[in-house]
Amino acid sequence: MDPLSEAQLKSEAARKVFEAGDAAAEPWMDDYWDLLGEGWSWRQAVYMLWEAQPSQNRTPKTQGELATEILGLTSDRVIRTWKADNPAIMARIAKLTASALGKARSRVIRALIESASSANYRAHADRKLFLEMTGDYKKSETIRVGAMVPDDLEEMTEDDLRALAYEPGEGRG
């Protein structure tokens with residue numbers, strides 16, 4: 001058997017294991033199928049989904065382990081080549097990350113409402129954030145005391161400079 005056919009068989013076997021295994025129940029599998037529909041290879045799709053996860057949540061923990069344990073590669077060199085040769089991969093990973101934020105939005109807002117509604121004193125920050133978001137609370141503005149000095153004094157007229165020199169409340173004359 002030629003090396004190309006052997007590599008294709010190995011890839012297909014790894015794909016079947018991936019799609020039938022624990023990953024099949026993951027919430028991001030819809031994104032996996034979407035990526036395949038966009039024309040990405042199954043390995044690229046898995047890599048992009050893995051990369052889009054917060055690093056502490058990734059399984060396996062390293063890119064090398066992903067390559068050898070999940071993707072059926074001998075090393076992560078192929079992944080490094082994808083990233084170097086195709087900037088669209090990193091752009092798509094960024095979209096996946098942003099999409100995850102959008103998907104979590106309703107849960108976060110629900111948690112904010114629950115926390116802000118709590119009588120617990122520790123929920124103060126959540127109450128403040130909630131009231132800022134609804135427009136019921138506005139942060140107080142900083143008040144500057146003293147004369148406002150323009151950045152470029154050279155462009156001011158002599159009369160303007162004299163007026164600026166007076167302290168607030170002093171008479172002019």
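Condition test on Ile79, is it assigned to a helix (DSSP H, G or I), within 30 Å of Leu9 (Cα to Cα) and either modelled with pLDDT under 85 or under 21 Å from the mean Cα position of the chain (by Cα) (or both)? Break it down stepwise before answering.
On the way: assigned to a helix (DSSP H, G or I): yes; within 30 Å of Leu9 (Cα to Cα): yes; either modelled with pLDDT under 85 or under 21 Å from the mean Cα position of the chain (by Cα) (or both): no.
Criteria not met by Ile79.
Select the helices (runs of 4 or more DSSP H) contained entirely in the range 1-75, then report the ones holding at least 2 residues which are under 20 Å from Ala91 (Cα atoms) and modelled with pLDDT under 90.
Details: elements: 3-20, 29-37, 42-52.
Ranges flagged: 29-37.
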* **Residues (of a type outside the set (Val, Ile, Thr), under 25 Å from Asp136 (Cα atoms) and without any contact (Cβ under 8 Å) to a residue 12 or more places away in the chain) located in the range 92-114** => Gly102, Ala104, Arg105, Ser106, Arg107, Arg110, Ala111, Glu114
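Restricting attention to the range 16-35, does a residue exist that is out of contact with any strand residue (DSSP E or B) (no Cβ under 6 Å at 6 or more places or on another chain), of a type in the set (Ser, Thr, Tyr) and surrounded by 15 or more Cβ atoms within 10 Å (Cβ to Cβ)?
First, the residues of the range 16-35 that are out of contact with any strand residue (DSSP E or B) (no Cβ under 6 Å at 6 or more places or on another chain): 16-35.
Among the residues that remain, those that are also of a type in the set (Ser, Thr, Tyr) are: 32.
Within this subset, residues satisfying the condition of being surrounded by 15 or more Cβ atoms within 10 Å (Cβ to Cβ) are 32.
Yes, because at least one residue in the range 16-35 is out of contact with any strand residue (DSSP E or B) (no Cβ under 6 Å at 6 or more places or on another chain), of a type in the set (Ser, Thr, Tyr) and surrounded by 15 or more Cβ atoms within 10 Å (Cβ to Cβ).
The values are calculated or read from the model by the stated rules, or taken from the named source; none is laboratory data. Bear in mind the structure is a predicted one, so any value in this text is a computation, not a measurement. Reconstructed Cβ throughout: ideal geometry from the backbone, glycine too, with neighbour counts over all protein chains shown.
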